[in-house]
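Participant: If you scroll down you'll find the structure; I have some questions about it.
Just so you know, all these numbers are worked out from the coordinates, no wet-lab data involved. Computed from a predicted structure; not experimentally measured.
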Amino acid sequence: MTRSDPQMLAQEIRRFLTELDQLERQALELIYFSGLSQRETADVLHVAPQTLRACVARGMRHLADRFAEVLS
């Protein structure tokens, strides 16, 4: 995958999201694709804000690791 291919990048993001656990995936989708705040997302998912922050951090770390593998 090259950095200049937006279609391929979008495909990889979707694939990597499927690798996350359900709560991590839902949190990232609600925050980054639906535009909800962390507070709103925590309310929708019925989790404490601290739990949400941990899920988002784990999910982002996983995505960063996967992108590093693909782009190296």
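Participant: So which helices of the chain fit the span-like rule, where a helix is a whole DSSP H run, its Cα atoms reach 27 Å or more along the axis, and its mean Kyte-Doolittle is at least 1.0? Before the final figure, lay out each step's value.
Facilitator: Values: long enough: 49-71 (32 Å, -0.01).
Long hydrophobic helices here: none detected.
Participant: Of the listed values (i) 51, 38, 21; (ii) 41, 21, 17; (iii) 37, 20, 15, identify the label whose number matches Cα extents along the principal axes in Å calculated from this model.
Facilitator: (iii)
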